[in-house]
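Read-outs throughout are calculated quantities, based only on the coordinates presented, and are distinct from any laboratory measurement. All values reported here derive from a predicted model rather than from experimental measurement. In this analysis, Cβ positions are derived from the backbone assuming ideal geometry, glycine residues included, and neighbour counts consider all displayed protein chains.
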Ligand SMILES: *Cc1c(COP(=O)(O)O)cnc(C)c1O
């Protein structure tokens, strides 16, 4: 298997190169040249396999230039060693008759980003070795909260890498800031910047495109790289948990091998739901993909009408990881649905960057609506769903997961489809404790984050994740606040370059 780009299908890269480069030179995203197949017989064979063994199998099918031993080392380093608080890594919880919650937040930072960012550093260092690269990789991240912390935890003390994270000084939650400024590890650096998330992101992009700076760093044996969600190395590990969840449903006697299921995903950048689509292409029996959005409902409209239009008001919601107007990974779906028509994709993406908008032709629109169903849910209904799920089912979802639960209810009402459905749960409720507690009718005014953690623990009858309770009293290592003009200096300073 080799990798091509959504805007240049004549490329032929090994997966190691695709992972090392991140983004293709002409701006397209890397995709595999074909999708490996997964038979029901194989699924049966994986029934008694651990999550790590299931991951080794699925990832081995896509990263064919990695040796078995290399894949195995990556999987064990990411999902073994007690890194995940659940032995199952991604456990399923039955909510009611046809509804199952797939908990993807048992990793070190309590968000689903860990599922990919725990393994990406190991893919990357393996890829660097395989491609003969000798320099130290420097990961630069601008974050609005979750990604920065997950990347820090993933890259912490990984040989041959350094990681530098910039976050907006007043743009992240207290818990998120604490998580980052207390980060451990010899190869990590965190700095706040005076400005908002866009300023941080613009500053990081400016460093990536600064040829003089890159040359200077290369002279000191450093090469810049990114950990953001368009890297194939972040997408491919997400296919695993859909395969694993299906096997678990069969094993638990909830479905029979071969039965179809639906998948409902709270969606932002379209990475998580796209991984489910690839799982279906491999052969996993999935009937419908239910795409759930918050008030930033650009995807809802797109799936319903075939028109993607980002020219709209941006809403700041209580599910901030889905506050996105450009869903980058959608490009991979469109490439596939167009029958690998790279010219068409380049045209659509050019429309998006010039006009902020593109329109699918009738044939593609039809394919999208056959596969996907979409709905959205505002903050009021998100909170109502948290309350209702807690009251009716004794389960307390975080704000993002609640959006998905609400949209799934909309789907059931609209279609009367009773197919068993997996709802992806993308964050621990403790990460968004103030919104969750106020949804449950608690007064959170004047309470600090540790008081809130305890309140939620009592209210939801859940244990506080250790990585969050341990933040109390941890040394605050990173107190730098810099101006956005000085980000490059901070980078050089830390690297001693
Ligand atoms: C990143 C994130 C999402 C969105 O996932 P995509 O793959 O970008 O669609 C949803 N929920 C949480 C908690 C996240 O951190």
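Assorted remarks:
- Of everything in the range 426-475 that is part of a loop (DSSP other than H, G, I, E, B) and in contact with a strand residue (DSSP E or B) (Cβ under 9 Å, 6 or more places away or on another chain), the residue that is nearest to the ligand (Cβ to nearest atom) is 426.
- Residues of the range 269-285 satisfying the condition of being part of a loop (DSSP other than H, G, I, E, B) and either within 12 Å of the ligand (Cβ to nearest atom) or out of contact with any helix residue (DSSP H, G or I) (no Cβ under 8 Å at 6 or more places or on another chain) (or both): 269, 270
- Residue under evaluation residue 82, criteria (1) surrounded by fewer than 23 Cβ atoms within 10 Å (Cβ to Cβ); (2) assigned to a strand (DSSP E or B), criterion not met: (2)
- Of all residue pairs spaced 6 or more apart or on separate chains, those with beta-carbon atoms under 6 Å, a first member in the range 273-286 that is closer than 17 Å to residue 331 by Cα and in contact (Cβ under 8 Å) with a residue 60 or more places away in the chain and a second member that is away from the ligand (no atom under 14 Å from the Cβ) and in a loop (DSSP other than H, G, I, E, B) are 281/35.
- Qualifying residue in the range 13-28 (condition: free of Cβ contacts under 8 Å to residues at least 12 places away in the same chain and more than 30 Å from residue 343 (Cα to Cα)): no
Condition check ((1) in contact (Cβ under 8 Å) with a residue 12 or more places away in the chain; (2) within 29 Å of residue 2 (Cβ to Cβ); (3) within 16 Å of the ligand (Cβ to nearest atom); (4) out of contact with any helix residue (DSSP H, G or I) (no Cβ under 8 Å at 6 or more places or on another chain)) across all residues:
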{"residue": "229", "(1), (2), (3), (4)": "yes, yes, yes, no"}
{"residue": "239", "(1), (2), (3), (4)": "yes, yes, yes, no"}
{"residue": "250", "(1), (2), (3), (4)": "yes, no, no, no"}
{"residue": "256", "(1), (2), (3), (4)": "no, no, no, no"}
{"residue": "267", "(1), (2), (3), (4)": "yes, yes, yes, no"}
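- Of the residues making up the range 408-425, one or more are in contact with a strand residue (DSSP E or B) (Cβ under 6 Å, 6 or more places away or on another chain), under 30 Å from residue 191 (Cα atoms) and touching a residue at least 12 places away in the same chain (Cβ under 8 Å).
- For the range 126-143, the set of residues classified as surrounded by 21 or more Cβ atoms within 10 Å (Cβ to Cβ) and either assigned to a loop (DSSP other than H, G, I, E, B) or more than 16 Å from the chain's Cα centre (by Cα) (or both) consists of 126, 127, 128, 137, 138, 139, 140, 143, listed by residue number.
- Strands (runs of 3 or more DSSP E) enclosed by the range 286-398 - at least 3 residues per element that are within 16 Å of the ligand (Cβ to nearest atom) and farther than 23 Å from residue 171 by Cα: 286-293, 372-376
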